[in-house]
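Undergrad: Here it is, the structure, as structure tokens.
The values are calculated or read from the model by the stated rules, or taken from the named source; none is laboratory data. Remember, it's a predicted structure, so these values are computed and weren't measured experimentally. Every residue, glycine as well, gets a Cβ built from its backbone with ideal geometry; the counts of neighbours run over all protein chains shown.
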Ligand SMILES: Cc1cc2nc3c(=O)[nH]c(=O)nc-3n(C[C@H](O)[C@H](O)[C@H](O)COP(=O)(O)OP(=O)(O)OC[C@H]3O[C@@H](n4cnc5c(N)ncnc54)[C@H](O)[C@@H]3O)c2cc1C
């Protein structure tokens, strides 16, 4: 059994956990990341490796994969321990004040402080509620777009009214032969600039419609029947090769909900130092709840360093909490 005690153990290797690992290394804390998936990056490589991310300061244009690659490289700067493919299922404070974490495979980990960067735990897309959907899933019916190349020259139908549906419609507009976007309501919930772009895009927007039937053979969709919701226009049939369903996510935060932490609206409540209701346990990224929280990658990049600085105060109480720069002025000074 590995009983080595780390200063900071980060549960979750998504953007929040990765940047916190880098910053923790900068503060010279012995750091470990434990990630459930067999790779690092969290939701970004899982849900949108090829989507272009445009809302991180200083990065005008980068795919999910490119952002992940840079994040992982940066996180490894100070050689944190990385454990992949382990779900942490239990957290207990021991008599000596340190924490013991237990993974689903029985492995134990020990740490002075804990950083929960778990996103919304295990996350699954809401499936299309049709019995025949299962025949097409992962063949011609998808819940996210992992490879843009799969959509080249295809007739694509996207179902959904949120950010993801609007973003994928715009992303596929110049790749697919045709893109049809259907939604049960007339309004889309994407960012204003994206919804405006959609109005001028080569996307066939149809509302209020939903998928009524899928038709095809051997996993390949050939035709989709759409139902008009107030029956004003009756059913419509479209020749379609690929269907993307963006009907939201089902969140499963268990087992974290049983760890005695104060929760608000399914998220973990934190104070202004990102500390949870349990001293020494911090929460950052999507899982953290505080007033006016922004569930974006850029937000997580601020929360990690705040939590790390306060964790350092627990690990080394004699050190002040400072906002430290990574800039090295040495070369500049030598030239002078
Ligand atoms: C389709 C889509 C598009 C998006 N587009 C953008 C965008 O353009 N710009 C933007 O800023 N944001 C975007 N977001 C939001 C962004 O992805 C999240 O804000 C970000 O991923 C949050 O990072 P995180 O590290 O908090 O959580 P996550 O990325 O969810 O990572 C959490 C990690 O923790 C792991 N984990 C969970 N529980 C455990 C456990 N018990 N043990 C071990 N590991 C565990 C999970 O496996 C996961 O890898 C998008 C989200 C989606 C779904």
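Undergrad: Do any residues in the stretch 279-306 that are within 12 Å of residue 267 (Cα to Cα) and within 7 Å of the ligand (Cβ to nearest atom) have Cβ atoms under 9 Å from those of residues that are part of a strand (DSSP E or B) and at pLDDT below 95, where the two are at least six apart or on different chains, and which pairs are they?
TA: Pairs that qualify, where the first residue is within 12 Å of residue 267 (Cα to Cα) and within 7 Å of the ligand (Cβ to nearest atom) and the partner is part of a strand (DSSP E or B) and at pLDDT below 95, are 286/267; 287/121; 287/267.
Undergrad: Pairs needed: first member in the stretch 85-105, modelled with pLDDT of 95 or more; second member anywhere, part of a loop (DSSP other than H, G, I, E, B) and more than 11 Å from the ligand (Cβ to nearest atom); C-beta distance under 6 Å; at least 6 residues apart or different chains.
TA: 100/94
Undergrad: Restricting attention to the stretch 1-33, report how many residues are touching a helix residue (DSSP H, G or I) at 6+ places or on another chain (Cβ under 9 Å), within 11 Å of the ligand (Cβ to nearest atom) and closer than 17 Å to residue 103 by Cβ.
TA: So the count comes out to 6.
Undergrad: Got a number for residues in the stretch 92-120 being within 12 Å of the ligand (Cβ to nearest atom) and either at negative phi or not assigned by TED's automatic domain parsing to the domain that holds residue 304 (or both)? Let's see the steps before the verdict.
TA: Within the stretch 92-120, the first condition is being within 12 Å of the ligand (Cβ to nearest atom), and the residues that meet it are 101-105, 107, 109, 114-120.
Okay, now just the ones that are also either at negative phi or not assigned by TED's automatic domain parsing to the domain that holds residue 304 (or both), so 101-105, 107, 109, 114-118, 120.
Looking only at that region, the number is 13.
Undergrad: If you don't mind, there's one more thing I want to ask. Those residues that are assigned to a loop (DSSP other than H, G, I, E, B) and within 26 Å of the chain's Cα centre (by Cα), I need them from the stretch 78-105; list them, please.
TA: Hits for the stretch 78-105 are 79, 80, 85, 86, 87, 104, 105.
Undergrad: Of (1) more than 15 Å from the ligand (Cβ to nearest atom); (2) under 23 Å from the mean Cα position of the chain (by Cα); (3) in contact (Cβ under 8 Å) with a residue 40 or more places away in the chain, residue 38 satisfies all except one. Which?
TA: Condition not satisfied by residue 38: (1).
Undergrad: Of all residues in the stretch 52-68 being out of contact with any strand residue (DSSP E or B) (no Cβ under 9 Å at 6 or more places or on another chain) and not in a loop (DSSP other than H, G, I, E, B), which is nearest to the ligand (Cβ to nearest atom)?
TA: The initial filter retains those residues of the stretch 52-68 that are out of contact with any strand residue (DSSP E or B) (no Cβ under 9 Å at 6 or more places or on another chain), namely 55, 57-58, 60, 65, 68.
Checking the rest, the ones that are also not in a loop (DSSP other than H, G, I, E, B) come to 65, 68.
Working: 65: 13, 68: 10 Å.
Here the answer is 68.
Undergrad: Check residue 37 against each of (1) part of a loop (DSSP other than H, G, I, E, B); (2) under 30 Å from residue 173 (Cα atoms) and name the one condition it does not meet.
TA: (2)
Undergrad: Report yes if residue 45 is touching a residue at least 12 places away in the same chain (Cβ under 8 Å), more than 10 Å from the ligand (Cβ to nearest atom), within 22 Å of residue 150 (Cα to Cα) and touching a helix residue (DSSP H, G or I) at 6+ places or on another chain (Cβ under 6 Å), otherwise no.
TA: Numbers: touching a residue at least 12 places away in the same chain (Cβ under 8 Å): yes; more than 10 Å from the ligand (Cβ to nearest atom): no; within 22 Å of residue 150 (Cα to Cα): yes; touching a helix residue (DSSP H, G or I) at 6+ places or on another chain (Cβ under 6 Å): yes.
Spelling it out, it is not the case that residue 45 is touching a residue at least 12 places away in the same chain (Cβ under 8 Å), more than 10 Å from the ligand (Cβ to nearest atom), within 22 Å of residue 150 (Cα to Cα) and touching a helix residue (DSSP H, G or I) at 6+ places or on another chain (Cβ under 6 Å).
Undergrad: A further question follows. Could you list, in sequence order, all residues of the stretch 206-248 that are buried (at least 16 other Cβ atoms within 10 Å of the Cβ) and within 16 Å of the ligand (Cβ to nearest atom)?
TA: Within the stretch 206-248, 244, 245, 246, 247 meet the criteria.
Undergrad: Give the residues of the stretch 121-155 that are within 16 Å of the ligand (Cβ to nearest atom), modelled with pLDDT of 90 or more and either more than 23 Å from the chain's Cα centre (by Cα) or not in a loop (DSSP other than H, G, I, E, B) (or both), sorted by residue number.
TA: Those that are within 16 Å of the ligand (Cβ to nearest atom), modelled with pLDDT of 90 or more and either more than 23 Å from the chain's Cα centre (by Cα) or not in a loop (DSSP other than H, G, I, E, B) (or both): 142, 148, 151.
Undergrad: Out of all the residues in the stretch 157-198, which are assigned to a helix (DSSP H, G or I) and either buried (at least 20 other Cβ atoms within 10 Å of the Cβ) or touching a strand residue (DSSP E or B) at 6+ places or on another chain (Cβ under 9 Å) (or both)? First the steps, then the outcome.
TA: So the first thing to find is which residues in the stretch 157-198 are assigned to a helix (DSSP H, G or I), and the list is 163-172, 192-198.
Correct list: 164, 165, 166, 167, 168, 169, 170, 171, 172, 198.
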